[in-house]
Amino acid sequence: SELIRGFLLSGMPCPSSCPPGLLALMAPGLALMATFSLPSQAGDRRALPVEKPPGVKGRTLILLDVNTKSPVRIISENFLSLQLDPSIIHDGWLDFLSSRRLVTLARGLAPAFLRFAGKRTDFLQFHNVKNPAKSRGGPGPDYYLKNYEDDIVRSDIALDKQKGCKIAQHPDIMLELQREKAAQMHLVLLKEQFSNTYSNLTLTARSLDKLYNFADCSGLHLIFALNALRRNPNNSWNSSNALSLLKYSASKKYNISWELGNEPNNYRTLIGRSVNGSQLGKDYIQLRSLLQLIRTYSRANLYGPNIGRPRKNVITLLEGFMKVAGSTVDAVTWQHYYIDGRVAKVTDFLKTRLLDTLSDQIRKIQKVVNTYTPGKKIWLEGVGTTSSGGMNNLSDSYAAGFLWLNTLGLLASQGIDVVVRHSFLDHGHNHLVDQNFNPLPDYWLSLLYKRLIGPKVLAIHVAGLQRKPRPGRVIRDKLRIYAHCTSYHNHNYVRGSITLYIINLHRSRKKIKLAGTLRDKIVHQYLLQPYGKDGLHSKLVQLNGQPLAMVDDGTLPELKPRPLRAGRTLVIPPLTMSFYVVKNVNALACRYR
């Protein structure tokens, strides 16, 4: 095995003297994520010279096995979670969260957390009134606006008459008017974002009711981020408005977890003064004390500090926070966006160098957290493919899924407990659902992940014949494989089954032969490909050749697998994402929850 390991790591082809069968082995010290040093042709379309060992014809065959005895990581049942940005108050979409179609889509991703936070968190004020239109003297003289707001009020009254989960069927004309309003507001929101100057937002009691109703109806647990930029003259946190919100939520017996602020490392650019890590830690301790005074929230979870990318100054802030409040929070949180949405190209989503930027950030965060509170859970919150709201036909296209699926696999394999996707519904193009309430490619990818992937992460063993790189050329990993126990909630598969998910960034198909414990097992394939003539730019996807779309507002489609006969080689098409359930493995690691 040491001989094979040496050849694998060197990238040299295995000589013909290698004993048969050793190719199925791999030293256990290799990474949990199976990535392969097969040649990249992105940016260099000329064929690389290939040395083929005797007896080997055609493309490289990869031999794959999984350690089924015990998991290497166990992540949260809510690992894949969702975010809503407070901008939905501004552009009006919050009033439509009771839509049957939206609730159906959100239910498909349960169980999960729903984080209500974003760049406008620290400009959010709670106002305990029920009808904002009446409180400001009516909707105004404009006939279109008046009728639109009257429709919203009538919809609210209809919801109030319902018992339990409140679901609405909004008329098409109402949704059309809302889309027009949102399109106008989108320009305002983008201008605020690019100038980094934000106007204050008012969250009414009515709006909070709608937000909580959406989370509750969808089977999501709400996490609410409070405004941290209400400061006293001595720069300590002014909690008066937060206390008002906490008391109202408690009076309604809302089950909510809490955060304070969003990306505190950016406060100097927002308000002209900074809040250091030590002060932020004291603010969190103050919030914890407030929660303990309110019976409903005396045991509520508290998460933070929601820092941005861990550069040197951000790490300093995190260290100061952990010294003071590391034991106060239930999980340490940070955020990550891969690329600048203003300059993104479709080829950006295929760059392995970009996919790997997250690994370094994880190590930096883990180092600080384990120094002050060893074993504390770490979450990645507010993750998205691009910043600045994303780009149409890019961050909401099939191509963006490569980053998203790799993010899920990488975080799970490195022990990050929860990842919160920004955003479920948003004014930009990083969302899972568009403004026609149609699911985008990353939604279907997330739905497959939820249906097939359980919280137990398994180690992968891989061996294969490697092509020789050109001298001086760095070969990057363009085939990525992850393995988990199959979800216990999926009753189509018995406990002990294993799910593989595979990203092929090569422009050629790859072949994988299951070996060891996976050998000669029946496999169910879920192959996700773009649908239509737009290719990687497509906003539509197909599963095993069948287009995916909602059946109706209350029904998601059946996700039908393609059964593969036992022992068949897996053929992974170029530039695709796929899931493979290996049935009846009876994996010891996967038999029990």
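The values are calculated or read from the model by the stated rules, or taken from the named source; none is laboratory data. The structure presented is a predicted model; accordingly, all values stated were derived computationally and were not measured. Heads up, the Cβs are rebuilt from the backbone with ideal geometry, glycines too, and the neighbour counts pull from every protein chain shown. In case anyone asks, the SASA skips ligands and DNA or RNA and just uses the protein heavy atoms, side chains included. Shrake-Rupley method; radii C 1.70, N 1.55, O 1.52, S 1.80 Å.
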Practice prompt. Return a yes/no flag: does the range 291-299 have any residue that is more than 18 Å from Ser236 (Cα to Cα), of a type in the set (Lys, Arg) and assigned to a helix (DSSP H, G or I).
Written response: yes
Worksheet item: Out of all the residues in the range 254-288, which are among the polar types (S, T, N, Q) and in a loop (DSSP other than H, G, I, E, B)?
Response: Asn255, Asn262, Ser274, Asn276
Worksheet item: Ala549 passes all but one of (1) open to solvent by less than 30 Å² (accessible area, probe 1.4 Å); (2) assigned to a loop (DSSP other than H, G, I, E, B); (3) within 20 Å of Gly401 (Cα to Cα); (4) hydrophobic (A, V, I, L, M, F, W, C); which number fails?
Response: (1)
Practice prompt. Kindly indicate whether any position in the range 312-329 is closer than 25 Å to Ser240 by Cβ, out of contact with any helix residue (DSSP H, G or I) (no Cβ under 6 Å at 6 or more places or on another chain) and surrounded by fewer than 14 Cβ atoms within 10 Å (Cβ to Cβ).
Written response: no
Worksheet entry | Selection status of Thr352, touching an Asp or Glu at 6+ places or on another chain (Cβ under 9 Å), surrounded by fewer than 21 Cβ atoms within 10 Å (Cβ to Cβ) and free of Cβ contacts under 8 Å to residues at least 60 places away in the same chain | no
Worksheet, complete the sentence: Within the range 91-117, restricting to residues that are touching a helix residue (DSSP H, G or I) at 6+ places or on another chain (Cβ under 6 Å) and assigned to a helix (DSSP H, G or I), the one that is surrounded by the fewest Cβ atoms within 10 Å (Cβ to Cβ) is Arg107
Discussion item. Quick check on my filter: what residues within the range 505-542 are on the phi > 0 side of the Ramachandran plot and assigned to a loop (DSSP other than H, G, I, E, B)?
Written reply: Asp520, Gly532
Response to the item:
Within the range 556-593, residues small (Gly, Ala, Ser) and open to solvent by 90 Å² or more (accessible area, probe 1.4 Å) come out as none
Worksheet item: Only one of (1) modelled with pLDDT of 95 or more; (2) surrounded by fewer than 24 Cβ atoms within 10 Å (Cβ to Cβ) is not met by Ala412, so which one is it?
Response: (2)
Practice prompt. Test Asn196 against the criterion of being of a type in the set (S, T, N, Q) and under 25 Å from the mean Cα position of the chain (by Cα), and give yes or no.
Written response: yes
Discussion item. Return the residues of the range 197-225 that are of a type in the set (Phe, Trp, Tyr) and part of a strand (DSSP E or B); say none if nothing qualifies.
Written reply: Phe224
Practice prompt. Give the range 525-546 a look and list any residue that's within 25 Å of Val494 (Cβ to Cβ) and open to solvent by 30 Å² or more (accessible area, probe 1.4 Å), or say none.
Written response: Asn544
Fill in: Selected residue (only one of Arg568, Arg495 is within 28 Å of Arg73 (Cβ to Cβ), part of a loop (DSSP other than H, G, I, E, B) and in contact (Cβ under 8 Å) with a residue 40 or more places away in the chain)
Arg495
Worksheet item: Do any helices (runs of 4 or more DSSP H) lying entirely in the range 311-375 carry at least 2 residues that are of a type in the set (Gly, Ala, Ser) and more than 21 Å from the chain's Cα centre (by Cα), and which ones are they?
Response: 312-325
Worksheet entry | Where Pro171 falls short, out of the listed (1) at pLDDT below 95; (2) of a type outside the set (Ser, Thr, Tyr); (3) crowded, with 18+ Cβ neighbours inside 10 Å | (3)
Worksheet item: Filtering the range 238-253 down to residues that are of a type outside the set (A, V, I, L, M, F, W, C) and in a helix (DSSP H, G or I), which residue is most open to solvent (accessible area, probe 1.4 Å)?
Response: Lys247
Worksheet, complete the sentence: Only unsatisfied item for Ala228, checking (1) of a type in the set (A, V, I, L, M); (2) in contact with a Gly (Cβ under 7 Å, 6 or more places away or on another chain); (3) in a helix (DSSP H, G or I), is (3)
Item to complete: Name the one entry in Leu190, Leu177 that is free of Cβ contacts under 8 Å to residues at least 60 places away in the same chain and not β-branched (Val, Ile, Thr).
Response: Leu177
